[in-house]
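**Q** Take this structure, written in structure tokens, and hold onto it; I'll ask about it next.
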Amino acid sequence: MTRILVLDDNADIVALLRMVLEQRGYQVMTGRNGREGLHLLGESPIKPDLIICNLLMPLMDGMAFLDSLRQEVEWSAIPVVIL
């Protein structure tokens, strides 16, 4: 099953993306900011196939998250869609 990580601080957007993606058969993980995204990536033994990330989030925005993601060899090839 294809796994997608959705990072956004807007609960309505997260709920909508989760609903649409799960209806299409994707497994969805969510976080509220880049820090949570990095934590989820570090804790999960199975990495997502795609990350959908908001640009403007508290604590760690989308660009800082992307910079951190690209510095880690095991995560650097995961495709990212920035909202």
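The values are calculated or read from the model by the stated rules, or taken from the named source; none is laboratory data. Note that the structure is predicted; figures quoted are calculated from it, not measured. Using ideal geometry, Cβ is built from the backbone for each residue, glycine included, and neighbour counts are taken over all protein chains shown. Surface areas here come from the heavy atoms of the whole protein model, side chains and all, with no ligands, DNA or RNA. Shrake-Rupley method; radii C 1.70, N 1.55, O 1.52, S 1.80 Å.
**Q** For region 11-38, which residues satisfy the criterion of being part of a loop (DSSP other than H, G, I, E, B), open to solvent by less than 70 Å² (accessible area, probe 1.4 Å) and in contact with a Pro (Cβ under 9 Å, 6 or more places away or on another chain)?
**A** Of everything in region 11-38, just one residue is part of a loop (DSSP other than H, G, I, E, B), open to solvent by less than 70 Å² (accessible area, probe 1.4 Å) and in contact with a Pro (Cβ under 9 Å, 6 or more places away or on another chain), namely 33.
**Q** Then there is this: Among the residues of region 1-25, count how many are more than 20 Å from residue 62 (Cβ to Cβ) and either among the polar types (S, T, N, Q) or touching a Ser or Thr at 6+ places or on another chain (Cβ under 6 Å) (or both).
**A** 2
**Q** Okay, moving on. Out of all the residues in region 59-83, which are of a type in the set (Phe, Trp, Tyr) and in contact with a Gly (Cβ under 8 Å, 6 or more places away or on another chain)?
**A** 65
**Q** Does residue 41 meet the test of being assigned to a helix (DSSP H, G or I) and touching a Phe, Trp or Tyr at 6+ places or on another chain (Cβ under 8 Å)?
**A** Values: assigned to a helix (DSSP H, G or I): yes; touching a Phe, Trp or Tyr at 6+ places or on another chain (Cβ under 8 Å): yes.
Yes: the conditions hold for residue 41.
**Q** Identify the single condition in (1) within 16 Å of residue 83 (Cα to Cα); (2) surrounded by fewer than 16 Cβ atoms within 10 Å (Cβ to Cβ); (3) touching a residue at least 40 places away in the same chain (Cβ under 8 Å) that residue 5 does not satisfy, given that it satisfies every other one.
**A** (2)
**Q** Now for a different question. Might you let me know whether region 55-74 holds any residue that is within 16 Å of residue 3 (Cα to Cα) and surrounded by 16 or more Cβ atoms within 10 Å (Cβ to Cβ)?
**A** no
**Q** Right, next: Quick one: what pairs do we get from region 61-83, first residue part of a loop (DSSP other than H, G, I, E, B), second surrounded by 14 or more Cβ atoms within 10 Å (Cβ to Cβ) and of a type in the set (Asp, Glu), C-beta under 7 Å, 6+ apart or different chains?
**A** Cβ pairs passing all conditions: 83/8.
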